[in-house]
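Asks: Just passing along the structure, written as C-alpha coordinates.
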Amino acid sequence: MKSCLRTLGASFANSIVIPAAWLSGLATIGLLWGVIEFSPGKLTVEGRQLFLASVSIFFLAIWHLIRRKRRAKALVASINLKEGLSLDDTQLLGYPSPIFLAFDLSNKKLAQCQSATGDYQIRDFTWVTGWQCEWQRIDSRVSGGVLQIVDGAGMSVPADEIRRRFIGFSLVLTVADTSHPPLRFPMNRSVAEGWCTRCNVLFKC
(Lines give C-alpha, C1' and ligand atoms only; values in the text may rest on other atoms or scores of the structure.)
Protein backbone atom coordinates (compact mmCIF):
# COMPACT_ATOMS: atom_id res chain seq x y z
CA MET A 1 0.00 0.00 0.00
CA LYS A 2 2.79 2.38 0.94
CA SER A 3 4.72 1.65 -2.27
CA CYS A 4 1.54 2.17 -4.31
CA LEU A 5 0.97 5.55 -2.68
CA ARG A 6 4.59 6.55 -3.32
CA THR A 7 4.26 5.60 -6.97
CA LEU A 8 0.99 7.51 -7.34
CA GLY A 9 2.53 10.53 -5.62
CA ALA A 10 5.56 10.45 -7.89
CA SER A 11 3.33 10.11 -10.97
CA PHE A 12 1.23 13.08 -9.87
CA ALA A 13 4.35 15.17 -9.25
CA ASN A 14 5.66 14.30 -12.71
CA SER A 15 2.34 15.25 -14.32
CA ILE A 16 2.53 18.79 -12.96
CA VAL A 17 6.25 19.52 -12.76
CA ILE A 18 6.91 19.91 -16.50
CA PRO A 19 3.93 22.25 -17.15
CA ALA A 20 4.94 24.15 -14.00
CA ALA A 21 8.50 24.51 -15.30
CA TRP A 22 7.25 25.81 -18.67
CA LEU A 23 4.77 28.29 -17.21
CA SER A 24 7.10 29.58 -14.51
CA GLY A 25 9.94 29.84 -17.03
CA LEU A 26 7.80 31.89 -19.42
CA ALA A 27 6.60 34.10 -16.56
CA THR A 28 10.19 34.61 -15.39
CA ILE A 29 11.34 35.58 -18.88
CA GLY A 30 8.41 37.98 -19.31
CA LEU A 31 8.96 39.65 -15.95
CA LEU A 32 12.72 39.83 -16.51
CA TRP A 33 12.10 41.52 -19.84
CA GLY A 34 9.79 43.98 -18.05
CA VAL A 35 12.48 44.76 -15.49
CA ILE A 36 15.07 45.39 -18.20
CA GLU A 37 12.68 47.39 -20.38
CA PHE A 38 11.03 49.55 -17.75
CA SER A 39 13.71 49.57 -15.00
CA PRO A 40 13.32 47.93 -11.57
CA GLY A 41 11.98 51.13 -10.04
CA LYS A 42 8.75 50.86 -12.03
CA LEU A 43 8.09 47.25 -11.04
CA THR A 44 5.27 47.07 -8.49
CA VAL A 45 5.41 45.10 -5.25
CA GLU A 46 3.05 42.54 -6.75
CA GLY A 47 5.29 42.30 -9.81
CA ARG A 48 8.35 41.62 -7.64
CA GLN A 49 6.47 38.97 -5.68
CA LEU A 50 5.30 37.31 -8.89
CA PHE A 51 8.85 37.39 -10.25
CA LEU A 52 10.28 35.75 -7.11
CA ALA A 53 7.50 33.13 -7.10
CA SER A 54 8.08 32.32 -10.78
CA VAL A 55 11.83 31.96 -10.28
CA SER A 56 11.30 29.75 -7.22
CA ILE A 57 8.81 27.47 -8.98
CA PHE A 58 11.05 27.23 -12.04
CA PHE A 59 14.13 26.18 -10.08
CA LEU A 60 12.13 23.78 -7.90
CA ALA A 61 10.75 22.11 -11.03
CA ILE A 62 14.23 21.84 -12.57
CA TRP A 63 15.59 20.46 -9.28
CA HIS A 64 12.81 17.85 -9.21
CA LEU A 65 13.57 16.73 -12.78
CA ILE A 66 17.31 16.49 -12.07
CA ARG A 67 16.63 14.54 -8.89
CA ARG A 68 14.26 12.21 -10.74
CA LYS A 69 16.88 11.59 -13.46
CA ARG A 70 19.60 10.85 -10.91
CA ARG A 71 17.32 8.45 -9.04
CA ALA A 72 16.46 6.58 -12.25
CA LYS A 73 20.12 6.30 -13.27
CA ALA A 74 21.10 5.18 -9.76
CA LEU A 75 18.46 2.45 -9.82
CA VAL A 76 19.63 1.19 -13.22
CA ALA A 77 23.26 1.19 -12.03
CA SER A 78 22.24 -0.74 -8.91
CA ILE A 79 20.39 -3.35 -11.00
CA ASN A 80 23.40 -3.75 -13.30
CA LEU A 81 25.64 -4.31 -10.28
CA LYS A 82 23.32 -6.80 -8.59
CA GLU A 83 22.26 -8.75 -11.67
CA GLY A 84 25.43 -8.55 -13.78
CA LEU A 85 23.59 -6.82 -16.63
CA SER A 86 24.37 -3.95 -18.98
CA LEU A 87 21.12 -2.01 -18.92
CA ASP A 88 21.33 1.22 -20.91
CA ASP A 89 20.48 4.18 -18.65
CA THR A 90 20.29 6.58 -21.60
CA GLN A 91 17.25 4.88 -23.19
CA LEU A 92 14.57 4.53 -20.52
CA LEU A 93 11.10 3.77 -21.88
CA GLY A 94 8.53 5.66 -19.83
CA TYR A 95 10.89 8.09 -18.10
CA PRO A 96 10.28 10.58 -16.39
CA SER A 97 7.41 8.48 -15.03
CA PRO A 98 8.49 6.57 -11.91
CA ILE A 99 7.61 3.34 -13.77
CA PHE A 100 9.92 2.73 -16.73
CA LEU A 101 11.76 0.02 -18.66
CA ALA A 102 15.51 -0.28 -19.17
CA PHE A 103 17.01 -2.57 -21.81
CA ASP A 104 20.12 -4.74 -22.09
CA LEU A 105 20.52 -5.51 -25.78
CA SER A 106 23.55 -7.79 -25.37
CA ASN A 107 21.83 -10.10 -22.87
CA LYS A 108 18.33 -9.61 -24.31
CA LYS A 109 16.95 -8.61 -20.93
CA LEU A 110 14.76 -5.77 -19.76
CA ALA A 111 14.07 -4.42 -16.30
CA GLN A 112 10.72 -3.12 -15.10
CA CYS A 113 11.73 -0.37 -12.71
CA GLN A 114 9.94 1.63 -10.03
CA SER A 115 12.16 4.55 -9.14
CA ALA A 116 9.79 5.68 -6.38
CA THR A 117 10.29 2.46 -4.41
CA GLY A 118 13.46 0.96 -5.88
CA ASP A 119 11.64 -2.23 -6.89
CA TYR A 120 12.37 -3.98 -10.18
CA GLN A 121 11.74 -7.16 -12.16
CA ILE A 122 14.02 -8.70 -14.78
CA ARG A 123 12.39 -10.09 -17.92
CA ASP A 124 13.58 -11.73 -21.12
CA PHE A 125 12.90 -9.89 -24.36
CA THR A 126 10.59 -12.78 -25.30
CA TRP A 127 8.23 -11.59 -22.54
CA VAL A 128 7.19 -8.75 -24.87
CA THR A 129 4.99 -10.18 -27.60
CA GLY A 130 3.91 -7.01 -29.40
CA TRP A 131 4.17 -3.24 -29.51
CA GLN A 132 2.27 -0.50 -31.26
CA CYS A 133 1.48 3.20 -31.18
CA GLU A 134 -2.02 4.12 -30.12
CA TRP A 135 -3.76 7.48 -30.28
CA GLN A 136 -7.12 9.19 -30.22
CA ARG A 137 -8.56 10.67 -33.40
CA ILE A 138 -10.81 13.69 -33.03
CA ASP A 139 -12.96 14.79 -35.97
CA SER A 140 -14.58 18.19 -35.65
CA ARG A 141 -17.08 19.62 -38.09
CA VAL A 142 -16.46 23.25 -38.98
CA SER A 143 -19.12 25.17 -40.89
CA GLY A 144 -18.29 28.14 -43.06
CA GLY A 145 -19.28 29.96 -46.21
CA VAL A 146 -17.57 29.30 -49.52
CA LEU A 147 -18.10 30.97 -52.89
CA GLN A 148 -19.80 28.66 -55.35
CA ILE A 149 -21.44 29.22 -58.73
CA VAL A 150 -25.16 28.55 -58.35
CA ASP A 151 -27.32 29.06 -61.47
CA GLY A 152 -24.64 31.22 -63.03
CA ALA A 153 -24.37 33.55 -60.04
CA GLY A 154 -21.65 33.71 -57.40
CA MET A 155 -23.02 33.29 -53.92
CA SER A 156 -21.84 32.17 -50.50
CA VAL A 157 -23.41 28.92 -49.36
CA PRO A 158 -22.81 26.96 -46.15
CA ALA A 159 -20.22 24.25 -46.41
CA ASP A 160 -19.03 21.76 -43.82
CA GLU A 161 -15.39 20.90 -43.38
CA ILE A 162 -14.09 17.98 -41.33
CA ARG A 163 -10.96 18.83 -39.38
CA ARG A 164 -9.08 15.85 -38.04
CA ARG A 165 -6.45 15.82 -35.33
CA PHE A 166 -4.68 13.15 -33.33
CA ILE A 167 -3.99 13.35 -29.60
CA GLY A 168 -3.15 11.10 -26.66
CA PHE A 169 -0.28 9.16 -28.22
CA SER A 170 1.04 6.15 -26.30
CA LEU A 171 3.39 3.27 -26.90
CA VAL A 172 1.67 0.04 -25.83
CA LEU A 173 3.52 -3.21 -25.16
CA THR A 174 1.66 -6.51 -24.93
CA VAL A 175 3.29 -9.26 -22.88
CA ALA A 176 3.25 -13.06 -22.71
CA ASP A 177 1.62 -13.10 -19.27
CA THR A 178 -2.13 -13.07 -19.92
CA SER A 179 -2.81 -11.91 -16.36
CA HIS A 180 -0.57 -8.87 -16.85
CA PRO A 181 -2.23 -5.82 -18.45
CA PRO A 182 -0.55 -4.21 -21.47
CA LEU A 183 2.16 -1.71 -20.60
CA ARG A 184 1.10 1.76 -21.70
CA PHE A 185 3.52 4.69 -21.91
CA PRO A 186 1.97 8.09 -22.78
CA MET A 187 4.23 10.35 -24.84
CA ASN A 188 4.08 12.76 -27.74
CA ARG A 189 3.79 11.57 -31.32
CA SER A 190 7.41 11.85 -32.41
CA VAL A 191 8.70 10.09 -29.29
CA ALA A 192 6.09 7.32 -29.65
CA GLU A 193 7.05 6.74 -33.27
CA GLY A 194 10.73 6.76 -32.32
CA TRP A 195 10.21 4.16 -29.61
CA CYS A 196 8.11 2.01 -31.93
CA THR A 197 11.04 1.94 -34.36
CA ARG A 198 13.44 1.21 -31.52
CA CYS A 199 11.28 -1.71 -30.37
CA ASN A 200 11.56 -3.18 -33.87
CA VAL A 201 15.33 -3.23 -33.36
CA LEU A 202 15.27 -4.44 -29.76
CA PHE A 203 12.81 -7.30 -30.02
CA LYS A 204 13.52 -8.51 -33.56
CA CYS A 205 17.29 -8.67 -33.34
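The values are calculated or read from the model by the stated rules, or taken from the named source; none is laboratory data. If you're wondering where the values come from, they're calculated on a predicted model, not measured in any experiment. Reconstructed Cβ throughout: ideal geometry from the backbone, glycine too, with neighbour counts over all protein chains shown.
Asks: Restricting to the range 188-199, count the residues that are in contact (Cβ under 8 Å) with a residue 60 or more places away in the chain and either loosely packed, with under 10 Cβ neighbours inside 10 Å or over 11 Å from Trp135 (Cβ atoms) (or both). Before the answer, list the steps.
Replies: Keep residues of the range 188-199 that are in contact (Cβ under 8 Å) with a residue 60 or more places away in the chain, which gives 193, 195-196, 198-199.
Filter once more, so that each one left must be either loosely packed, with under 10 Cβ neighbours inside 10 Å or over 11 Å from Trp135 (Cβ atoms) (or both): 195-196, 198-199.
The total comes to 4.
Residues are listed down the side, and each one gets a yes or a no for (1) more than 20 Å from Trp131 (Cβ to Cβ); (2) surrounded by 15 or more Cβ atoms within 10 Å (Cβ to Cβ):
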residue: Lys73; (1), (2): yes, yes
residue: Ile79; (1), (2): yes, yes
residue: Gly84; (1), (2): yes, no
residue: Gly94; (1), (2): no, yes
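Asks: So, in the range 164-187, of the ones that are within 11 Å of the chain's Cα centre (by Cα) and more than 19 Å from Ala111 (Cα to Cα), which residue ends up surrounded by the fewest Cβ atoms within 10 Å (Cβ to Cβ)?
Replies: Only one residue fits best here, namely Gly168.
Asks: Same structure, new question: Looking at Val35, is it at pLDDT below 90 and within 17 Å of the chain's Cα centre (by Cα)? Please lay out each step first, then the result.
Replies: On the way: at pLDDT below 90: yes; within 17 Å of the chain's Cα centre (by Cα): no.
When the stated conditions are applied, Val35 does not pass them.
Asks: Here is a further query. What number goes with the only condition from (1) in contact with a Ser or Thr (Cβ under 7 Å, 6 or more places away or on another chain); (2) assigned to a strand (DSSP E or B); (3) buried (at least 21 other Cβ atoms within 10 Å of the Cβ) that Cys113 does not pass?
Replies: Of everything listed in (1) in contact with a Ser or Thr (Cβ under 7 Å, 6 or more places away or on another chain); (2) assigned to a strand (DSSP E or B); (3) buried (at least 21 other Cβ atoms within 10 Å of the Cβ), Cys113 misses just condition (1).
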